[in-house]
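See structure below.
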Amino acid sequence: MKRDGTNTTRREFLLAAGSISAGIALESATTVTAAAEPASAATVMHAAIRKIVGAARVNPGKVTLELPPLIENGNSVPLAVRVDSPMTQADHVKAIHVFSEKNPLPNVVSFFLGPRAGRASAATRVRLADTQTVVAICELSDGSFWSGSASVVVTISACLEAL
Amino acid sequence: MSRALINLPATARRGEIIEIKALAAHPMETGFRRTQLGVLIPRDILTRFVCTYNGAEIFRAEFHPAIAANPYLAFPTLATESGTIACTWTGDNGYSHTESAAITVA
């Protein structure tokens with residue numbers, strides 16, 4: 001049988017096919033492990049924070065996040081956040097964002113306020129999936145970002161129970 | 001169908017900081033839970049809360065599934081003038097509910 005460059009023998013074909021499928025298998029194996037263990041929960045949270053603050057620097061301080069140190073039921077955790085700010089037209093808090101380290105989604109809540117608030121604070125109740133650190137980041141009217149955090153021990157996790 | 005409550009002082013002095021508390025009755029289904037048969041329950045949450053004071057927005061919040069069922073909010077505002085404080089919740093599946101209360105500022 002006369003062979004030119006375009007025709008391949010059965011042996012060549014099988015070899016090529018084998019190497020391609022091996023490559024695909026390897027590729028999918030790596031992506032599966034990446035999906036199964038999302039590169040540490042903290043990285044996910046930091047990515048979510050970056051989405052909000054952009055390239056700006058986040059300074060520690062000014063923000064006080066109040067959470068009970070130990071909570072029995074993660075389905076309803078009282079959360080209060082306060083920012084040290086005079087809340088005047090020139091210097092006020094524009095927004096407060098709360099992030100969770102170990103919840104299925106890193107964003108928890110965002111508050112948008114202004115000088116008419118009189119005092120920079122807000123309270124709500126949140127769900128927490130696990131013992132973790134919760135971070136609050138505030139944006140001031142001058143464009144700077146400040147952060148505060150609180151650790152909470154959760155005995156019964158939210159989000160994961162079946163009905 | 002939808003129920004919500006807001007609580008604020010009926011009267012206040014001008015310039016006083018008052019606290020507004022808002023509570024909506026809503027399951028806040030996260031979209032992460034499954035039934036016993038393993039079927040994912042679709043997300044059904046409130047996503048947005050806006051509070052206006054005589055039509056001007058004074059406070060806004062964005063909710064994510066991490067907010068507990070029956071979302072509760074408490075936030076301060078300056079009592080500037082007599083009028084109406086209205087709170088609106090909007091969410092998945094076309095949810096929208098407005099609750100308002102009157103305030104007299106002396």
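Here are the numbers:
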item: Tally, over segment A:115-147, of residues that are closer than 23 Å to A:A55 by Cα and either in contact with a strand residue (DSSP E or B) (Cβ under 8 Å, 6 or more places away or on another chain) or among the aliphatic types (A, V, I, L, M) (or both); result: 13
item: Identity of the residue in segment A:38-95, closer than 16 Å to A:R119 by Cβ and among the β-branched types (V, I, T), that ends up surrounded by the most Cβ atoms within 10 Å (Cβ to Cβ); result: A:V93
item: Residue identified as at the interface with another protein chain (Cβ under 10 Å from one of its Cβ atoms), buried (at least 22 other Cβ atoms within 10 Å of the Cβ) and modelled with pLDDT under 95 among B:T30, B:T35; result: B:T30
item: Single residue of B:E57, B:E62 found to be surrounded by 16 or more Cβ atoms within 10 Å (Cβ to Cβ), at the interface with chain A (Cβ under 9 Å from one of its Cβ atoms), in a strand (DSSP E or B) and among the charged types (D, E, K, R); result: B:E62
item: Of all residues making up segment A:62-75, the number that are under 21 Å from A:I137 (Cα atoms), within 14 Å of chain B (Cβ to nearest Cβ) and outside any strand (DSSP E or B); result: 2
item: Where A:S110 falls short, out of the listed (1) touching a Lys or Arg at 6+ places or on another chain (Cβ under 6 Å); (2) at the interface with another protein chain (Cβ under 9 Å from one of its Cβ atoms); (3) polar (S, T, N, Q); (4) under 27 Å from B:E57 (Cα atoms); result: (1)
item: Test: A:I96 is of a type in the set (V, I, T), within 20 Å of B:I20 (Cα to Cα) and in contact with a strand residue (DSSP E or B) (Cβ under 8 Å, 6 or more places away or on another chain); result: yes
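The values are calculated or read from the model by the stated rules, or taken from the named source; none is laboratory data. Computed from a predicted model, the values in this text were never measured in an experiment. Positions of Cβ are generated from backbone atoms using ideal geometry, with glycine treated the same way; all protein chains shown enter the neighbour counts.
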